[in-house]
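Everything on this sheet refers to the single structure shown next.
What follows draws every value from the coordinates through simple rules; no lab data is involved. Note that this is a predicted model, so its numbers are computed, not measured. Neighbour counts run over all protein chains shown; Cβ positions are idealised from the backbone, glycine included.
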Amino acid sequence: MSSKVVYAVYKGESFLDLGTAEELARKFKVKRETVWFWNSPANKKRNRKNRIIAIKIEKEEEEWKGYLQQ
């Protein structure tokens, strides 16, 4: 089984979406690297209440069936 890296994206306290870096980049019209930056320690250190952050979630691909488009 392969593992798939999935990110949960939040703006402040509000959940925005769940998906791979590629899926989220398409949805938010940003580069894939931007999604990775949202998950970086540098972004998390910024003291802004409404910043966008991405939290990396790793699970086996089988566990994501039904949550993500294949």
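HN-Hα J couplings of segment 20-27 from phi, Karplus 6.51/-1.76/1.60, θ = phi - 60°, integer Hz, Gly and Pro as x?
6, 4, 5, 5, 5, 4, 5, 5
Show the residues, 5+ positions off or on another chain, whose built amide H is closer than 5 Å to the amide H of Thr20.
For Thr20, whose amide H was placed from the backbone, the distant partners under 5 Å are Tyr7.
Peptides 42-50, 29-37, 17-25: what's the order by average Cβ count within 10 Å, highest mean first? Working shown, then result.
Numbers: 42-50: 8.7, 29-37: 14.0, 17-25: 17.2.
Packing proxy ranking, top to bottom: 17-25, 29-37, 42-50.
Amide H of Asn39 versus every other amide H placed in the peptide plane: which residues, excluding those fewer than 5 positions away on the same chain, fall under 5 Å?
Close amide H contacts, sequence-distant or interchain: Ala54.
If I model a spin label as a point 7 Å beyond the Cα along the Cα-Cβ vector, how far apart are those points for Val30 and Lys44 in nm?
Going from the Val30 label point to the Lys44 one covers 1.6 nm.
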